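The values are calculated or read from the model by the stated rules, or taken from the named source; none is laboratory data. As the structure is a computational prediction, the values presented were derived from the model and not from experiment. Methodologically, a virtual Cβ is constructed for each residue, glycine included, from the backbone with ideal geometry; neighbour enumeration extends over all protein chains shown. What goes into the accessible areas is simple: the full protein's heavy atoms, side chains included, and nothing from ligands, DNA or RNA. Shrake-Rupley method; radii C 1.70, N 1.55, O 1.52, S 1.80 Å.
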Amino acid sequence: METDPVGIPSLKERLARTWKWLRPVIGIALLAYVLCIVDWEVLLATIAQTNGWLIAVAVLIELLTVVPRVLRWRALLITQGVRLPTMQLTSIYLIGSFFNNFLPSDVGGDSVRMLRVARATGQGTDAVSSTVLERLLGMLATLTLGAVAVLANWQIASEGGLAIAVLAALGVFVLGLVLLFNLGGIRRWADKPKAQWLRTVAHKLADLYDSFHAFRYRRNTLALVTAYSMIYRLLMITGLYMQALALGISIPFLWLVSAISLIAVVTAMPFSLNALGLKEGAYVFFFGLVGVAAPQAVALAL
């Protein structure tokens, strides 16, 4: 722990502690607000009429989504020379998913996956870069599918500015990926800092960049991972569509694809535990654009 000469925690340490406890508070506050603005009678009535068979189908689809997620991660690791049994990777992935329930957004579960792969292989940098790149390409696939859905059904998607928001998010994200693969200055900067601690950080960033940059010429791998990501996202949305039908909610499938693109961006923000409150609020906002009542949107989110 970093402290001052008299043993008092530094400002940085105090801020870190405060943010640690603030995350669940933010999530609970957001969820409480959402639950306060919904009609509980309608919410309970919506849940009471749930079609059990459709929910069972949705659960089965949710289980199937693990397959493309593990395969895309495995493809990235193999490209880096990291080979672990598929069942072991599946186990690590499920453990990471479990920890997502208690840690900020998906970042917490990803950290667990990075740590376990690093321990199993001794290749910490590759574990980090493969996990981060998997998430980035997953988001790219999500936004790309959203853009296709928007263009295919512009009249509905343009309501409430949803279409513009999806296309803008995709444009910004693609620009960010281009910059990520063209930050050669990090490597040149690594040896410049005079302070030892800063030089150490710079070298770690440079090593991580090198690991990312190695994928720049692995276009087949990137294309394969993106394809797996699209399969996963389509399965996930299909499962959500089944859940909506089970609750008696009528939503155009193409609109659902475009809305989920933005909901994925919102829930990826590490402001609460497992996107608690963020997810429910995003569902209420985006589903409300096509006339889905708040109680129904909350029921679907839950």
Just from the alpha-carbon atoms, what are the Rg and Dmax of the range 228-302 in angstroms? 11.8, 33
Multiply the residue separation of residue 86 and residue 64 by 0.36 nm, subtract the distance between their alpha-carbon atoms, and state the gained length in nm to one decimal. 6.4 nm
Ordering 253, 98, 173 by the accessible surface of their heavy atoms, 1.4 Å probe, largest first, yields 98, 253, 173
Going 7 Å from the Cα of residue 49 toward and past its Cβ, which residues in the range 213-248 have a backbone nitrogen under 13 Å from where you end up? 245-248
Extension gain residue 120-residue 217, at 0.36 nm per residue separation less the Cα-Cα distance, in nm? 32.3 nm
